[in-house]
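The values are calculated or read from the model by the stated rules, or taken from the named source; none is laboratory data. The model shown is predicted, which means the values in this text are computed figures rather than measured ones. Virtual Cβ from ideal backbone geometry, glycine too; neighbours counted across all protein chains shown. The area values use the complete protein model at the heavy-atom level, side chains included, leaving out ligands, DNA and RNA. Shrake-Rupley method; radii C 1.70, N 1.55, O 1.52, S 1.80 Å.
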Amino acid sequence: MHMKVKSAISQVQFWMPIAILIYIFFNFSNTLDHAFALDDYSVILEHQHVQNGVDGIPEILSTNYRHGHQGFNDGLYRPLSLITFALEKEFFDSSPKIGHWINVLCYAIGCLLLFLGLFRIMGRERNAATVAFMIVLLFSAHPLHTEVVANIKSRDILLAFLGFGISLYGFIRSIDKGKYYFLGLFGLAIALLSKESAVLFVFIIPLLMYLDPKISFKQIQLILLGTLPLGTAFILLRNYIIGRMDKPVDPGNFELLNNPLAVASGSEQWGSTFALQLKFLEKLFFPFEFIHDYSYNQIPLVEMGNLTPILGLLVLLALLAFGIYGLIKRNRWGIIVMIYLFSILIASQIFTRIGVHFAERLLFIAVLPFAILLVSMIHKYLKQRKMLELFIFLLILIPLSSESRDRNEDWANNFTLYAADIEKGGASARINYNYGSVLSEQADTIQNEAEKQKVLSESAQYLKKATEIYPDYLDAWNNLGIVYKKQGKLEEARALYTQNISRDPNYAKNYYNLGTLYFQLQDFNQTINYLSEYVRRVPKSGEAYLIMAKSAGRMERYSNAISYLNSSLQYLPQNPEAFNMLGMAYGSLTVYDKAETAFTKAIQLQPKNVQFQFNLAVNYHRAGKPAQEIQVLRRILDIDPNNARAKIQLAAALKGPESDQ
């Protein structure tokens with residue numbers, strides 16, 4: 001009889017992991033062809049250390065998370081996900097398709113490890129595999145996970161989850177075979193280096209193991225003897241890395257726009273904090289409306305005297321009391337509640353403020369105790385009625401899975417995401433800003449002028465709304481000015497940027513956009529003045545120096561142009577336009593040898609560029625080098641046999657010096 005039971009469990013274990021993998025790939029198959037979206041740009045495409053590929057890994061390991069994005073100090077240390085992005089840059093040129101495949105694979109493997117861990121926690125009785133299987137299916141189907149799996153940037157959460165699965169499995173196996181203890185520590189280290197909130201796994205993993213009545217409290221203590229020092233070591237490492245950065249942690253993380261709780265005080269602060277606890281439960285139990293941003297003023301602040309925060313406080317206290325009771329009495333339901341409370345410990349913002357008011361990704365691990373609770377209740381009360389148990393489970397699972405697949409579609413790219421969320425998230429300044437900005441970008445692709453102006457007007461409408469919700473929204477004002485420029489409303493744009501400087505003189509984009517506006521107006525002195533202010537704040541802007549060089553050249557200040565071009569080439573060393581302009585500037589000063597060097601470099605970078613070739617030919621003509629001039633002109637005709645200008649110049653060159661009379 002014992003052998004039959006063991007055989008049945010082995011068979012169940014064999015097909016269930018395969019079913020889990022198939023189910024997850026089905027659920028997220030419609031993300032695999034998605035483009036980049038949202039934070040993918042600042043963390044991957046615009047992250048210098050990531051874009052340096054393998055060569056950027058030392059910088060990734062020794063700097064904060066977004067340091068590669070214009071030196072921004074976000075106070076975060078998450079090197080592992082950035083290393084994977086750097087490797088993808090090195091071998092796949094930052095392909096979004098590869099990124100999405102890796103995300104789904106990480107999620108699937110993490111869920112598989114979770115299943116193996118839960119199977120052992122459930123007591124190894126006959127139905128343990130079934131319960132673990134149901135929990136993992138429910139966990140993987142929950143729509144709160146779509147943001148994490150569908151957004152490549154959220155690799156940090158997925159790698160932390162993968163480490164969580166490795167750690168859970170390792171520590172559980174260590175109960176029987178001690179050598180697995182180090183696998184548990186290894187998994188936890190992966191999680192910690194992926195995302196700071198993984199420090200909560202130090203407690204969540206032992207709590208999950210505490211659900212198994214066969215695991216003694218002494219064995220749990222042994223696990224904590226490893227997880228606590230490792231978690232502490234990571235916190236010390238993180239503090240060391242953040243503390244040694246050139247720039248302090250950016251205070252914008254804790255401004256009204258990102259997290260109203262960070263600037264609220266007294267009754268409003270605590271009222272809003274306790275009201276937030278109900279939002280967590282709402283999203284877990286009724287996950288049918290999602291947006292990508294909950295910043296100001298999507299979730300309004302409320303005073304403590306209102307019903308919602310009072311109810312939130314009472315629910316939180318009840319959960320805490322029941323959780324403590326569960327720990328003392330080793331009550332299964334109480335332990336599950338305590339796992340939930342630890343999973344939201346940072347997101348709750350009761351003890352510390354974070355860089356966002358709320359985000360769906362913050363509840364990623366909180367879905368686990370939710371799934372354990374729901375499946376345990378279904379199984380406990382319906383295990384004698386198998387068909388009804390299955391029916392109720394599918395009644396919950398199928399709508400969640402359907403909602404996940406629907407939400408996945410919204411994450412296809414920035415436009416689809418922002419367009420899907422603008423109605424639901426219309427109270428958020430950032431969602432209005434995002435949608436207005438992406439409409440402005442979309443207008444650039446429209447050929448029909450009437451249609452283009454219509455989209456630009458719509459863009460301006462949403463950007464204005466963003467500034468109405470949050471009047472100090474400098475980025476929104478900035479992008480509104482860009483829309484005005486595209487609409488030809490140059491005076492309105494100039495007035496807007498000038499006013500924006502009065503709002504914040506250190507907001508660098510004001511100076512760049514005013515500089516480019518004056519360039520458009522052909523006021524080259526003002527162009528240089530404003531762009532000089534910009535590069536004083538953003539020194540490594542090769543593009544700004546290039547525009548300054550163009551302005552100096554238009555005013556025939558060729559020495560100044562050469563200085564600006566050399567500065568531009570420090571940061572854009574492979575820019576053929578800059579080398580071509582450098583050649584023209586040297587040629588205008590009759591420094592023909594340096595002009596030749598510059599034109600030659602431009603041609604090396606763009607061999608088929610006829611204009612660069614022609615500029616070199618003219619330079620040889622002026623320098624009195626007819627043989628070289630003829631050679632270049634013939635090369636132009638090899639590229640473009642019908643180039644009339646080159647034919648005329650070549651004919652003149654072949655006649656010799658008398659043709660210049």
Checklist outcome for this item: Ranking Val149, Gly425, Gln631 by how far each Cα lies towards the positive end of the charge dipole of the chain (+1 on Lys and Arg Cβ, -1 on Asp and Glu Cβ), the top one is Val149
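Using DSSP to define loop residues, name the GluC sites (Glu not before Pro) in the stretch 90-166 whose beta-carbon has at most 13 other beta-carbon atoms within 10 Å.
Glu125
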Checklist entry - Hey, what does the equivalent ellipsoid look like for the stretch 225-351, semi-axes from the Cα gyration tensor as sqrt of 5 times each eigenvalue, largest first, whole Å? => result 27, 25, 14
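With every protein chain kept in place and ligands, DNA and RNA left out, what is the accessible area per residue of the chain? Probe 1.4 Å, answer in Å².
Details: 29540 Å² over 661 residues.
Here the per-residue accessible area is 45 Å².
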Checklist entry - Equivalent-ellipsoid semi-axes (√(5λ), Cα gyration tensor) for the stretch 356-439, whole Å, largest first? => result 37, 15, 9
Checklist entry - Could you give the nm distance between label points at Gln570 and Lys655, where each point is 7 Å from its Cα heading toward the beta carbon? => result 4.8 nm
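Convex hull over the Cα atoms of the chain, averaged projected area in nm²?
Taking a quarter of the hull surface, the average projection is 36.4 nm².
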Item to check | Farthest positive-ward along the stretch 170-315 dipole, Cα basis, beta-carbon charges - from Trp270, Phe234, Leu301 | outcome: Phe234
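Expressed as a whole percent, how much of the Cα-Cα distance distribution for the stretch 298-404 exceeds 16 Å?
Details: 3990 of 5671 pairs.
The calculated P(r) of the stretch 298-404 puts 70 percent of pairs beyond 16 Å.
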Checklist entry - Could you give the distance between the Cα centres of the stretch 305-322 and the stretch 604-628, to the whole Å? => result 77 Å
Checklist entry - Nearest 20 debye, what's the magnitude of the dipole of the stretch 35-186 about its Cα centre given +1 on Lys and Arg Cβ and -1 on Asp and Glu Cβ? => result 820 debye
Checklist entry - Which whole-number percent of Cα pairs in the stretch 529-638 have a distance greater than 16 Å? => result 57 percent
Checklist outcome for this item: With x for Gly and Pro, the residue-by-residue ³J(HN,Hα) of the stretch 162-169, computed from phi through the Karplus equation 6.51 cos²θ - 1.76 cosθ + 1.60 at θ = phi - 60° and given in whole Hz, is 4, x, 4, x, 4, 5, 4, 5
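Starting from the Cα-Cα distance between Ser402 and Phe14, subtract it from 0.36 nm times their residue separation and give me the gain in nm to one decimal. The partial results should precede the final answer.
On the way: separation 388, 0.36 × 388 = 139.68 nm, distance 2.65 nm.
Going from the current span to full extension adds 137.0 nm.
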Checklist entry - Under a plain spin-label model, where a point goes 7 Å from the Cα along Cα-to-Cβ, how far apart in nm are Asn506 and Leu222? => result 5.4 nm
Checklist outcome for this item: hull vol. (C-alpha, convex hull) per residue for the stretch 345-385, Å³ -> 73 Å³
Checklist outcome for this item: The size of the Cβ-based charge dipole (Lys, Arg +1; Asp, Glu -1) of the stretch 121-247 about the Cα centre, to the nearest 20 debye, is 240 debye
Item to check | Note, ³J(HN,Hα) from phi for the stretch 399-416, Karplus 6.51, -1.76, 1.60, rounded to Hz, x at Gly and Pro | outcome: x, 5, 5, 5, 5, 4, 5, 5, 5, 3, 4, 5, 8, 4, 6, 4, 5, 5
Next on the checklist: Using the Cα centre of the chain as the reference point, and only Cβ charges (+1 on K/R, -1 on D/E), how large is the resulting charge dipole? Debye, rounded to the nearest 20.
Outcome noted: 2180 debye
Item to check | FRET efficiency estimate (nearest 0.05) - Cβ-Cβ, Ile22 to Asp444, R0 35 angstrom | outcome: 0.25
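Over the chain, with every protein chain in place, what whole percent of the accessible area is carbon and sulfur at 1.4 Å, could you tell me? Don't skip to the answer; put the middle values down first.
Working: 17530 of 29540 Å².
Carbon and sulfur atoms account for 59 percent of the accessible area of the chain.
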Checklist entry - How much length is gained on full extension from Phe351 to Ser265, taking 0.36 nm per residue of separation minus their Cα-Cα distance? => result 29.6 nm
Next on the checklist: Per DSSP helix of 4 or more residues, -39500 (n - 2.57); summed, then divided by the residues of the chain. What does that give at 222 nm, rounded to the nearest 500?
Outcome noted: -22500 deg cm²/dmol
Checklist entry - Once phi is turned into θ = phi - 60°, what whole-Hz ³J(HN,Hα) does the Karplus curve with 6.51, -1.76 and 1.60 give for every residue of the stretch 345-353, x standing for Gly and Pro? => result 4, 7, 5, 5, 6, 6, 9, 8, 8
Checklist entry - What angle do you read, to the nearest 10 degrees and between 0 and 90, between the alpha-carbon axis of helix 508-520 and the longest principal axis of the chain? => result 30 degrees
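By the gyration tensor of its Cα atoms, with a ≥ b ≥ c the square roots of the eigenvalues, what is the shape of the stretch 24-75: rounded for a/c under 1.5, prolate for a/b over b/c, or oblate?
Values: a/c = 2.58, a/b = 2.17, b/c = 1.19.
Note, shape of the stretch 24-75 comes out prolate.
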Checklist outcome for this item: In terms of the charge dipole of the stretch 463-507, which places +1 on Lys and Arg and -1 on Asp and Glu at the beta carbon, the residue among Trp477, Ser502, Gly488 farthest towards the positive end is Gly488
